[in-house]
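> Take this structure first; my questions come after.
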Amino acid sequence: MTDITLSSAVRSNLNALQATSDLMSNVQERLATGKKVNSALDNPNSFFTAKGLQNRASDLSTLLDDMGQSVQTLKAADEGIGAISDLVDAAKAKANQALQTSSQSERKDFTAEYNELLTQIEDLAKDAGYKGKNLLGGTGNDLSVIFNEDGTSSLSISAVDYTDTSSSTGLNLSDLAVAADGTATLALTNGTAGAAALTAGATVVSDDDFAAGDTLTLTDSTGTELGSLEITATTTVQDVADFVGNSSSDISATVGTGIVITSDIGVTLSSDGAQADVSVTPATANGFATDADIDNVLSALTRAQDTLRAQASTFGTNLSIVENRQDFTNALINTLEEGAGQLTLADTNEEGANLLALQTQQSLASTSLSLAAQADQNVLRLF
């Protein structure tokens with residue numbers, strides 16, 4: 001407004017008021033944002049330096065989240081190894097139970113239970129993953145943990161494969177053989193081929209090889225007696241078949257052109273008379289059939305335990321490294337943010353004092369402007 005003329009005193013006070021108002025606006029912005037540098041215009045050097053520190057802190061914060069998920073993946077694998085170790089201990093106890101009995105029937109049952117434990121180990125290993133990553137799942141599950149923003153610092157964690165217990169690169173524990181039936185026939189003279197058909201009710205003393213007073217004994221392959229039967233004048237072919245079949249749930253006997261004995265454990269029917277011994281050999285022996293078989297299994301289980309302990313130690317070391325880097329990254333993020341704050345954050349106490357001083361200055365300037373205006377108004381009194 002070039003057509004309006006202000007006196008020197010009024011203009012001076014007006015300029016002072018405008019300057020004070022600008023300063024108050026700046027101070028109020030600092031108090032409102034908590035920062036003394038809100039844009040590059042305030043202080044380019046501090047602004048861009050702080051921005052760089054904040055960007056790095058943000059990048060590290062993202063990596064910190066990834067590290068946290070890696071820790072959970074390692075913990076899941078470690079818990080899986082602990083549970084698998086318990087199942088291996090149970091399998092070892094089952095093998096020891098088999099070693100303590102000479103009953104082939106019991107050993108056959110222990111074999112089935114042992115194989116079920118191996119199946120559970122495989123299932124447990126498959127379930128030990130976290131967010132799609134399973135360090136016990138073998139190929140494709142290796143874990144890479146990045147520690148810095150440019151990826152030059154990292155940790156590679158190799159997965160192991162416990163989902164197949166028979167794998168030579170894993171636990172190397174194979175399923176044991178499952179017993180399969182074998183057969184043998186107790187031949188009788190009156191039931192041989194070409195002779196009259198053998199009937200279940202016929203007495204066995206009519207056979208040339210049996211006599212009243214003979215004793216039949218049934219034993220398994222370890223020599224454990226399963227039962228005995230004394231032959232009398234009235235003992236029938238069916239009586240002998242029933243004696244054999246009822247001795248164990250693993251044995252059956254039927255009457256044909258002799259007594260056909262079927263069993264999935266090794267058994268021998270012997271007589272103290274003229275009747276020849278009859279032995280049944282299973283088509284496939286159970287995995288705990290002999291003490292040597294059991295000893296081999298126990299040795300394999302011991303090696304598996306050593307493998308699990310070594311792998312648990314490896315995962316434990318990896319976990320310690322990642323957790324240590326987590327703590328370091330947390331501390332570094334705090335340092336970066338603190339440094340950025342030192343460059344940009346305002347001292348609220350100082351800014352509050354500045355505002356109070358400016359308000360006082362503004363009040364004084366307003367009063368001074370009023371006095372200057374009154375001096376100009378005195379000229380009107382002359383008219």
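The values are calculated or read from the model by the stated rules, or taken from the named source; none is laboratory data. Just so we're clear, the structure is a prediction, and the values are computed from it rather than from any experiment. Cβ sites come from the backbone with ideal geometry, for glycine too, and all protein chains shown count toward neighbours. Areas reflect the complete protein model, heavy atoms only, side chains present, ligands, DNA and RNA absent. Shrake-Rupley method; radii C 1.70, N 1.55, O 1.52, S 1.80 Å.
> For ARG56, what charge total do you get from the other residues with a beta carbon under 11 Å from its beta carbon, if Lys and Arg give +1 and Asp and Glu give -1? Please list the in-between numbers first.
Working: positive: LYS51; negative: ASP59, GLU149, ASP150, GLU337.
Within the 11 Å Cβ shell, the charges total -3.
> Also, quick follow-up: Residue separation times 0.36 nm, minus the C-alpha to C-alpha distance between THR234 and ASP272: what's the value?
Working: separation 38, 0.36 × 38 = 13.68 nm, distance 1.83 nm.
Extra length available between THR234 and ASP272 comes to 11.9 nm.
> What is the gain in length, in nm to one decimal, between SER249 and ALA180 on full extension, counting 0.36 nm per residue of separation less the C-alpha to C-alpha distance?
Values: separation 69, 0.36 × 69 = 24.84 nm, distance 1.39 nm.
So the extension gain works out to 23.5 nm.
> Under a cut-off of 18 Å between alpha-carbon atoms, report the aspartates and glutamates in cross-link reach of LYS35, not counting same-chain residues fewer than 8 places apart.
The qualifying aspartates and glutamates are ASP22, GLU337, GLU338, ASP347, GLU350, GLU351.
> Quick one: pull the percent of accessible area on the stretch 77-138 belonging to carbon and sulfur, 1.4 Å probe, ligands and nucleic acids left out.
On the way: 1200 of 2710 Å².
With neighbouring chains kept in place, the figure for the stretch 77-138 is 44 percent.
> Shifting gears a bit: Treat each spin label as a single point 7 Å out from the Cα along the C-beta direction, and report the SER102 to ASP209 distance in nm.
Those two pseudo-labels are separated by 2.6 nm.
> What nm value, rounded to one decimal, do you get for the distance between THR284 and GLU149 when each label is placed 7 Å out toward the C-beta?
So the label points at THR284 and GLU149 sit 6.2 nm apart.
> Charges on Cβ only, +1 for Lys and Arg, -1 for Asp and Glu, centred on the Cα centroid of the stretch 91-179; of ASN141, ALA125, THR152, which one is farthest towards the dipole's positive end?
ALA125
> For LYS126, go through the lysines and keep the ones whose alpha-carbon is under 30 Å away, minus same-chain ones fewer than eight residues off.
LYS75, LYS92, LYS94, LYS108
> Further, regarding this structure: Considering only protein heavy atoms, what is the solvent-accessible area of ASP181 at a probe of 1.4 Å, reported in Å² to the nearest 10?
90 Å²
> Residue separation times 0.36 nm, minus the C-alpha to C-alpha distance between GLN342 and ASN330: what's the value? Before the final figure, lay out the partial values.
Values: separation 12, 0.36 × 12 = 4.32 nm, distance 1.84 nm.
Residue separation times 0.36 nm, minus the Cα-Cα distance, leaves 2.5 nm.
> Now, a different point. What nm distance separates the two modelled labels at ARG303 and ASP65, each placed 7 Å from Cα along Cα→Cβ?
Those two pseudo-labels are separated by 4.6 nm.
> Sticking with this structure for a sec: Give me the 1.4 Å probe accessible area per residue for the stretch 131-266, excluding ligands and nucleic acids, in Å². All intermediate terms of the calculation are to be shown ahead of the outcome.
Working: 6220 Å² over 136 residues.
On a per-residue basis, 46 Å².
> Rounded to the nearest 0.05, what FRET efficiency do ASN43 and GLN18 give with R0 = 22 Å and r taken as the Cβ-Cβ distance? Could you check? Mind showing how you got there, number by number?
Numbers: r = 23 Å, r/R0 = 1.05.
About 0.40, to the nearest 0.05.
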